[in-house]
Amino acid sequence: MEECLDLVVNSAGAGFTVGVIAGSPYHFFKSLCISPTHIATAYNVVRLNAPRVGGKVAAWSALCKASKNALVSVRQKDDGWNRIFSRAIGTGLLSVSRRSLRASARFTMCGALFGTVVEVSSIMWDKFSTPRFD
C-alpha cells in the first residue's frame, strides 16, 4: 500500500512538471499572437496559466496511476488493458465533475482511445527497437 501511494505522488509530481513545461510555451505564444509587441504581458500570462495547466495534468496523472494500481490489485495481473482502462477512468473522473454524463462518456472514450494509442505505440516501439538475432 505504501509503494502505491508513493507511485501516485510521484506520478502527480511528474504530471505537474510535464504540464508546466508544456503549458508555458503554449500560453506564451498564444499571448504573443494576440498582442505581438507585449512580451511582458506574455510572460505574465505564462506565470498565471502554467501552474494551472500543471495542476490539471497532475490531477489526471494521479487519477490514472491510482486507478491503474486499483485495477492491478483487483485483476491480479499487470498488462496493457490496465493502462488503457486507467487512462479512460482518469479522464472520465475528471470530466464528471464539470460536464454532463453524455459529455463525460465522450471524454471517457477519448481517454480510452488515447490510452490505446499510447499502449500500441509503446508495444510497437519495443518490438522494433529490440535487436533481432536471426
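Among residues of the stretch 22-34 that are closer than 8 Å to residue 46 by Cβ, those with a Cβ under 7 angstrom from a residue that is surrounded by fewer than 17 Cβ atoms within 10 Å (Cβ to Cβ) and β-branched (Val, Ile, Thr), sequence gap 6+ or separate chain, pair up as 31/41. For beta carbons closer than 8 Å, sequence separation of 6+ or different chains, a first residue in the stretch 72-101 that is in contact (Cβ under 8 Å) with a residue 12 or more places away in the chain and a second that is assigned to a helix (DSSP H, G or I) and surrounded by fewer than 12 Cβ atoms within 10 Å (Cβ to Cβ), the qualifying pairs are 80/123.
The residue that is modelled with the lowest pLDDT, counting only those in the stretch 66-124 that are loosely packed, with under 13 Cβ neighbours inside 10 Å and basic (Lys, Arg), is 98.
Close contacts from the stretch 41-60, counting a first residue that is of a type in the set (Ser, Thr, Tyr) and a second that is modelled with pLDDT under 90, with Cβ to Cβ under 7 Å and a gap of 6+ residues or different chains, come to 41/31; 41/35. Being surrounded by 12 or more Cβ atoms within 10 Å (Cβ to Cβ) and β-branched (Val, Ile, Thr) is the filter here, so list the residues in the stretch 17-38 that pass it. Result: 17, 18, 20, 21. Among the residues of the stretch 77-121, those identified as outside any helix (DSSP H, G or I) and polar (S, T, N, Q) are 97, 100.
Considering 14, 42, 58, 62, the condition of being over 18 Å from the mean Cα position of the chain (by Cα) and surrounded by 14 or more Cβ atoms within 10 Å (Cβ to Cβ) is satisfied by 42 alone.
Can we say residue 89 is within 18 Å of residue 122 (Cβ to Cβ), among the hydrophobic types (A, V, I, L, M, F, W, C) and assigned by TED's automatic domain parsing to the domain that holds residue 119? Judged against the criteria, residue 89 is not a match.
The values are calculated or read from the model by the stated rules, or taken from the named source; none is laboratory data. The shown structure was predicted, so the numbers you read here are calculated from the model rather than taken from an experiment. Note: ideal-geometry Cβ built from the backbone for every residue, glycine included; neighbour counts use all protein chains shown.
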